[in-house]
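Enquirer: Sharing a structure with you now.
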Amino acid sequence: MIASLHSLTAAELAARYPATHPVGDWVRAHLAPAGAFTVNALIALALTTVFVSLTALFLVWMERKVCARFQLRLGPNRVGPFGLLQTLADGLKLFLKESFMPREADFFVYHLAPLIPITSSFMVFCVLPFDHNIQIADPQGGLVYLAAFLGMGVFGVLLAGWASNNKYSLLGALRSGAQMIAYEISYVLCLLLIVLASGSASTRDIVLAQQGTVLDWWLFKLPGCGALGFIIFIISSTAELHRAPFDIAEAESELTGGFHTEYSGMGFSMFFLSEYANLFVASGLGATLFLGGFLAPQFGFGPLDRALELVPGCVWFMLKVYGLVYLYMWLRWTFPRLRVDQLMSLEWKFLLPVALGNLAVAAVLVALGWLLP
Amino acid sequence: MSDYALICVFSLLGTFFAGGAILLSRLIAPRSPDTPSKLAPYECSMESIGSARIQFKVGYYLFALIFMVFDVEALFLFPCLANFRDAGVGAAGGLSALPVLAAVGGFVAILTVGLVYAWRKKVLEWE
């Protein structure tokens, strides 16, 4: 069904973008199915653990550098070249910090809460297509799965806030819960727009449906609707990540630390780590849905296109992701924080109706065959 | 199928990653003696008054209810929209998608009436 969107047939697409990686194929060729699954799963687990940890460390460094430049400072520049080892040093320090629970906190829930956001980050990570053959899992209902497990992060926040038995934590958690469920709706409506356009909820299929030139990316191919969807996606995912201007959940100046006020040491680090892992996931999702994912940008000009095609897909994916990461950081250090009532009315009275209308217009245009003939 | 098996493995990875880091740090990190002020909630450096588990605004529940409506709607729309293009545009051409569109549109419209109702009843005002 994807092939109808562009000149390649499904068979040609499969030949051009094989779904399995040579390493995985080699393992499958040399081992029994169960053994091959175990070995491949272990490779994926090891790579993901290393990748997520390094990405989170790098993103924290990048955020501090970007923020410093926005404020005409230098940022970390003492530990390692360009201060690159600063977050590693901070991580080690946090590792050696005592983490203790306040007297009246709920023991079980207090210790359960930091595990949830990081688990949901890892699980969402599975469906990101890094390249045509670098993707951990590609379930048919990829985006449904993604929406479900992105939404799971809110449990960590709510449970942490309630269990801490601290008024700041509870207030931060409630605000954050209200914010996350509100913006999840417009977030999911943006996913639905892409499902409507590509006729599939699998992330790999969605990328392959954008095969062609730059103008075939969903950002441009659905004139107006795609761009509007992208803007709504950026706004609502900023809120889902509770980054400024939507950071009332942990507004330092009013709530000390919000839901993680009572967490120290590694418990706090897990919330922090998952926040940056989720930043990567949100950017990866934006690149996959709207910017052609791992596909090289093509401009309909032969020699240039062939040159761009030579660069591996995972490099393009990472470039697009880091472009979006920079956009999120830019937003964070540019806009002042919204008040809680402004935040709620922005979603319920503006983004939700606009996102619904956008989806409806796109559906009508697709039904009439005016888009995606 | 193996996709979902792998996803199950990954759900364990996240838990073990976080749990392992927290346990390891607990073993390594030095501990200071527990004093009453160390274990007190981190609030205003005064004795905190009462528990934090208080009644909170009913507004949160109202928003959660509207959220439920739209989230369930979105879940319903996923399969509809994934097959939308095939239903209409495929063999028979443009017009055959219109009945599908009307059905899905009607469903969404009914739910949207709920949002309009909540809006008119001033549920969406945050005080």
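Enquirer: Looking at region A:46-59, can you tell me whether even one residue there is surrounded by 18 or more Cβ atoms within 10 Å (Cβ to Cβ), within 10 Å of chain B (Cβ to nearest Cβ), under 25 Å from A:V281 (Cβ atoms) and modelled with pLDDT of 80 or more?
Expert: yes
Enquirer: Would it be correct to say that A:L319 is more than 12 Å from chain B (Cβ to nearest Cβ), open to solvent by less than 10 Å² (accessible area, probe 1.4 Å) and in a helix (DSSP H, G or I)?
Expert: no
Enquirer: Condition test on A:A244, is it small (G, A, S), in contact with a Lys or Arg (Cβ under 6 Å, 6 or more places away or on another chain) and in contact (Cβ under 8 Å) with a residue 40 or more places away in the chain?
Expert: yes
Enquirer: Right, here's the next one. Against the conditions (1) within 7 Å of chain B (Cβ to nearest Cβ); (2) surrounded by fewer than 22 Cβ atoms within 10 Å (Cβ to Cβ), where does A:N166 fall short? Just the number, please.
Expert: The one condition A:N166 does not meet is (2).
Enquirer: Inside region B:54-69, can you point out the residues that are at the interface with chain A (Cβ under 7 Å from one of its Cβ atoms) and open to solvent by 60 Å² or more (accessible area, probe 1.4 Å)?
Expert: B:F56 - this is the single residue of region B:54-69 that is at the interface with chain A (Cβ under 7 Å from one of its Cβ atoms) and open to solvent by 60 Å² or more (accessible area, probe 1.4 Å).
Enquirer: If I filter region A:91-105 down to residues being open to solvent by 50 Å² or more (accessible area, probe 1.4 Å) and among the charged types (D, E, K, R), which single residue comes out as nearest to the chain's Cα centre (by Cα)?
Expert: Within region A:91-105, the match that is nearest to the chain's Cα centre (by Cα) is A:K93.
Enquirer: In region A:328-369, which residue that is assigned to a helix (DSSP H, G or I) and β-branched (V, I, T) is modelled with the highest pLDDT?
Expert: Out of the qualifying residues, it is A:V354.
Enquirer: What are the pairs, 6+ residues apart or on separate chains, where a residue within region A:22-39 that is more than 22 Å from A:H132 (Cα to Cα) has its Cβ under 7 Å from a residue that is aliphatic (A, V, I, L, M) and open to solvent by less than 80 Å² (accessible area, probe 1.4 Å)?
Expert: A:L31/A:V39
Enquirer: Could you tell me which residue of region A:1-13 is modelled with the lowest pLDDT, considering only residues that are out of contact with any Ser or Thr (no Cβ under 9 Å at 6 or more places or on another chain) and open to solvent by less than 60 Å² (accessible area, probe 1.4 Å)?
Expert: It comes out as A:H6.
Enquirer: With (1) more than 16 Å from A:V195 (Cα to Cα); (2) at pLDDT below 90; (3) open to solvent by less than 30 Å² (accessible area, probe 1.4 Å) as the list, and A:V325 as the residue in question, which single condition is left unmet?
Expert: All conditions are met except number (2).
Enquirer: Could you tell me whether any residue of region B:13-35 is of a type outside the set (D, E), part of a helix (DSSP H, G or I), open to solvent by less than 70 Å² (accessible area, probe 1.4 Å) and more than 8 Å from every other protein chain (Cβ to nearest Cβ)?
Expert: yes
Enquirer: Also: Restricting to region A:222-244, what's the tally of residues that are at pLDDT below 85 and at negative phi?
Expert: Of the residues in region A:222-244, 4 are at pLDDT below 85 and at negative phi.
Enquirer: So, one more: Within the set of pairs 6 or more residues apart or between chains, which connect a residue that is away from chain B (no Cβ under 11 Å) inside region A:127-146 to a residue that is outside any loop (DSSP other than H, G, I, E, B) and open to solvent by 20 Å² or more (accessible area, probe 1.4 Å) with Cβ atoms less than 7 Å apart?
Expert: Final answer for the pair search is A:P129/A:R204; A:F130/A:C314; A:D131/A:C314; A:I134/A:C314.
Enquirer: Can you tell me how many residues within region A:323-344 are within 14 Å of chain B (Cβ to nearest Cβ) and under 14 Å from A:R64 (Cα atoms)?
Expert: Of the residues in that region, 0 qualify.
Enquirer: State which residue is modelled with the lowest pLDDT when the search covers only region B:91-108 and only residues that are within 23 Å of A:L191 (Cα to Cα) and surrounded by 13 or more Cβ atoms within 10 Å (Cβ to Cβ).
Expert: B:A97
Enquirer: When you check A:A147 against the structure, is it within 18 Å of A:F280 (Cβ to Cβ), open to solvent by less than 30 Å² (accessible area, probe 1.4 Å) and in contact with a helix residue (DSSP H, G or I) (Cβ under 9 Å, 6 or more places away or on another chain), yes or no?
Expert: Yes, satisfied.
Enquirer: Any idea which residue in region A:278-308 is nearest to A:I136 (Cα to Cα), counting only those that are open to solvent by 20 Å² or more (accessible area, probe 1.4 Å) and within 25 Å of the chain's Cα centre (by Cα)?
Expert: Among those that are open to solvent by 20 Å² or more (accessible area, probe 1.4 Å) and within 25 Å of the chain's Cα centre (by Cα), it is A:N278.
Enquirer: Ok, one more. List every residue pair whose Cβ atoms lie under 6 Å apart, where the two residues are 6 or more positions apart in sequence or sit on different chains, the first residue falls within region A:152-170 and is farther than 17 Å from B:D71 by Cβ, and the second residue, located anywhere, is surrounded by fewer than 22 Cβ atoms within 10 Å (Cβ to Cβ) and of a type in the set (F, W, Y).
Expert: Note: pairs meeting the criteria are A:A163/A:Y110.
Enquirer: While we're on this one: Quick one: would you say A:A68 is part of a helix (DSSP H, G or I) and either closer than 16 Å to A:L273 by Cα or open to solvent by 90 Å² or more (accessible area, probe 1.4 Å) (or both)?
Expert: Taking the combined requirement at face value, the residue does not satisfy it.
The values are calculated or read from the model by the stated rules, or taken from the named source; none is laboratory data. Being a predicted model, the structure only gives us computed values, none of them experimental. Here Cβ is always computed from backbone atoms with ideal geometry, including for glycine, and neighbour counts include all displayed protein chains. The protein model used for the area step is the full one, side chains on, heavy atoms only, and it has no ligands, DNA or RNA in it. Shrake-Rupley method; radii C 1.70, N 1.55, O 1.52, S 1.80 Å.
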